[in-house]
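> Take this structure first; my questions come after.
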């Protein structure tokens, strides 16, 4: 298992514990950084913990990516993911603390119903620059339905969202022209 961890700020027992978690459990072929200071924690949704980066690793599935228990952010941008469902996402036990997830620049054409159901802490989700043409009702049902505040769907070919955002009371709505 190739492990790469970077300590951002060396202060306190919590950081030492997070560094040990990071060293022991960073999934290959990813790298992990301990986020502790205000700037890094803001990028991770305001939480201190472990940022897992698997960007550009040519991954076709995340099912084998067991996230460290302290993971607060996940970056899997620029991979070869074509579908998000229970079989292609990380095991549910590792996603409950995640506050940010970046799935941009993949090949995602479909997202199964309730794919993000166990992602109860998810605040920001980037699905930009994929091949999505529709988002079905129930896609975000479960934990993410009430926690999600930022959702980036830009640079997709969306034509049908079939009530996908119903019940998402905390979602910040903004529209940007697509090119």
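The values are calculated or read from the model by the stated rules, or taken from the named source; none is laboratory data. Quantities reported herein were computed from a predicted structural model and do not represent experimental measurements. Quick reminder, even Gly has a Cβ in these numbers, built from the backbone with ideal geometry, and neighbours come from all protein chains shown.
> Of the conditions (1) modelled with pLDDT under 90; (2) within 20 Å of residue 126 (Cα to Cα); (3) more than 15 Å from the chain's Cα centre (by Cα), residue 65 satisfies every one except a single condition; which number is it?
With (1) modelled with pLDDT under 90; (2) within 20 Å of residue 126 (Cα to Cα); (3) more than 15 Å from the chain's Cα centre (by Cα) applied to residue 65, the lone miss is (3).
> Still on this structure: Would it be correct to say that residue 26 is crowded, with 18+ Cβ neighbours inside 10 Å, touching a strand residue (DSSP E or B) at 6+ places or on another chain (Cβ under 6 Å) and either closer than 30 Å to residue 155 by Cβ or at pLDDT 95 or above (or both)?
The answer is yes for residue 26.
> Condition check: within 14 Å of the chain's Cα centre (by Cα) and modelled with pLDDT of 90 or more. Does residue 34 satisfy that?
In short, no.
> Still on this model: Taking the criterion of being within 13 Å of residue 84 (Cα to Cα) and touching a helix residue (DSSP H, G or I) at 6+ places or on another chain (Cβ under 8 Å), would at least one residue in the stretch 159-175 satisfy it?
Scanning the stretch 159-175, I find no residue that is within 13 Å of residue 84 (Cα to Cα) and touching a helix residue (DSSP H, G or I) at 6+ places or on another chain (Cβ under 8 Å), so the answer is no.
> Report whether or not residue 3 is modelled with pLDDT of 50 or more, in contact with a strand residue (DSSP E or B) (Cβ under 8 Å, 6 or more places away or on another chain) and either farther than 18 Å from residue 115 by Cβ or not in a loop (DSSP other than H, G, I, E, B) (or both).
The answer is no for residue 3.
> State whether one or more residues within the stretch 153-162 are crowded, with 17+ Cβ neighbours inside 10 Å, under 12 Å from the mean Cα position of the chain (by Cα), at pLDDT 90 or above and at negative phi.
No, the conditions are met nowhere in the stretch 153-162.
> Which is surrounded by 20 or more Cβ atoms within 10 Å (Cβ to Cβ), at pLDDT 90 or above, touching a helix residue (DSSP H, G or I) at 6+ places or on another chain (Cβ under 9 Å) and under 22 Å from residue 51 (Cα atoms), of 122, 127?
On inspection, the qualifying residue turns out to be 122.
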